[in-house]
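Here's the structure, in structure tokens; my notes come after.
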Amino acid sequence: MAQELLKVEHLSAAYGGIHALYDISLKVDAGEIVAVLGANGAGKSTLLKCLSSEKKAAGGTITFDGKPLPPKPYQVVEEGMVIVPEGRQIFYKLSVKENLKIGCCLRKDTDGIRTDFERIYAMFPRLKERESQYGGLLSGGEQQMLAIARGLMARPKLLMLDEPSLGLAPIIVNQIMDILKEVNQDGTAILLIEQNARKALKLCDRAYLVNVGNIVAEGTGADLLADEKLMQAYLGQ
Ligand SMILES: Nc1ncnc2c1ncn2[C@@H]1O[C@H](COP(=O)(O)OP(=O)(O)OP(=O)(O)O)[C@@H](O)[C@H]1O
Ligand SMILES: [Mg+2]
């Protein structure tokens, strides 16, 4: 049986009195790519905020690698769960290299960090070319690459991405999806939050469809992709 990495059971979350997540149960096994799909306001980012301990859940449990999720975001990173946030959130006034250093600021294995810089620059040659340039001067696609690369510098067991395709041209989105496949083949599990359902379903092993804070469907990427009615009803695609 595959090793269970992330397990979420009956998770609920609210902002003041308003519920954003009701009863979310999902899992990610080691080696998997799992997608969470849903329209605007479905609760996707709220889910990731709970998974990174940025937001306290109102109920339910989150287990990562057999242990309860730690309460502080930096501890979650130390456990091996790293988020690539919505809107990239790179540091505009820092260089590409400095942005990458922030990704590994909790690590102390100097040799490992050096190897990872080489690995990341081999995966993202454009970032190597621009390593001393301000992050804010990169194109949208390059900024997304930098956000992913920064996440990888923490050497996560699970990389969680919030809408990496947002606002990018289809050709760049394809490049991002190819990179995620490569990252996964290197042994990192991926939780991919997306509105771009078709591309995410083609990439993932399994997916969950979230609608107004509830999971309304789950299955393999291929099964959900083939369900025209479901795609039309919840994703308008
Ligand atoms: N800080 C907040 N305070 C109050 N309500 C919030 C806050 N953040 C999100 N919400 C509400 O929670 C619900 C879920 O929002 P969330 O951002 O998780 O959705 P999403 O699926 O990520 O949407 P999008 O695709 O637009 O990014 C929405 O109804 C939203 O208005
Ligand atoms: Mg969101």
What pairs come out if I take residues in segment 173-200 that are within 16 Å of ligand 2 (Cβ to nearest atom) and pair them with residues that are of a type in the set (F, W, Y) whose C-beta lies under 9 Å away, six or more apart or interchain?
A197/Y234
Unique residue being small (G, A, S) and under 19 Å from Q175 (Cβ atoms) when the list is G136, G140, G103, G80
G140
Qualifying residues in segment 21-53 (those that are over 18 Å from V84 (Cα atoms) and assigned to a strand (DSSP E or B)) - the one nearest to ligand 1 (Cβ to nearest atom):
L21
A14 being among the small types (G, A, S), farther than 30 Å from P125 by Cβ and in a strand (DSSP E or B)
yes
Please give the number of the condition V77 fails out of (1) surrounded by 19 or more Cβ atoms within 10 Å (Cβ to Cβ); (2) more than 16 Å from ligand 2 (Cβ to nearest atom); (3) touching a residue at least 60 places away in the same chain (Cβ under 8 Å); (4) in a strand (DSSP E or B).
(4)
Scan segment 221-231 and give yes if some residue there is basic (K, R) and within 16 Å of the chain's Cα centre (by Cα), otherwise no.
no
Just a yes or no: is a residue in segment 199-218 closer than 22 Å to L5 by Cα, acidic (D, E), assigned to a strand (DSSP E or B) and within 16 Å of ligand 1 (Cβ to nearest atom)?
no
Segment 148-162, residues that are of a type in the set (A, V, I, L, M, F, W, C) and either part of a strand (DSSP E or B) or within 16 Å of ligand 2 (Cβ to nearest atom) (or both):
L158, L159, M160, L161
If we keep just the residues of segment 5-20 that are hydrophobic (A, V, I, L, M, F, W, C) and under 15 Å from K55 (Cα atoms), which is farthest from ligand 1 (Cβ to nearest atom)?
V8
Using the structure shown, decide if A207 is under 15 Å from R155 (Cα atoms), modelled with pLDDT of 95 or more and not charged (D, E, K, R).
no
First in segment 1-26 and closer than 18 Å to F64 by Cα and of a type in the set (K, R), second anywhere and assigned to a strand (DSSP E or B) and more than 11 Å from ligand 1 (Cβ to nearest atom), Cβ under 6 Å, 6 or more apart:
K7/K27; K7/T63
Being touching a strand residue (DSSP E or B) at 6+ places or on another chain (Cβ under 7 Å), assigned to a strand (DSSP E or B), within 16 Å of ligand 2 (Cβ to nearest atom) and at pLDDT 95 or above narrows it down to one residue among I83, I62; which is it?
I83
With criteria (1) crowded, with 20+ Cβ neighbours inside 10 Å; (2) under 30 Å from Q3 (Cβ atoms), L127 comes up short on (2)
Looking at A35, A57, A39, can you tell me which residue is of a type outside the set (F, W, Y), touching a helix residue (DSSP H, G or I) at 6+ places or on another chain (Cβ under 7 Å) and modelled with pLDDT under 95?
A39
Could you run through segment 98-112 and say how many residues are more than 20 Å from G140 (Cβ to Cβ) and assigned to a helix (DSSP H, G or I)?
4
L51 - would you say it is under 25 Å from N99 (Cα atoms), within 16 Å of ligand 2 (Cβ to nearest atom) and buried (at least 16 other Cβ atoms within 10 Å of the Cβ)?
yes
Q143 passes all but one of (1) within 16 Å of ligand 2 (Cβ to nearest atom); (2) surrounded by 19 or more Cβ atoms within 10 Å (Cβ to Cβ); which number fails?
(1)
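The values are calculated or read from the model by the stated rules, or taken from the named source; none is laboratory data. Worth saying up front: this structure is predicted, and the values here are computed from it rather than measured. A quick note on method: Cβ atoms are made from the backbone with ideal geometry, for glycine too, and the neighbour counts reach across all protein chains shown.
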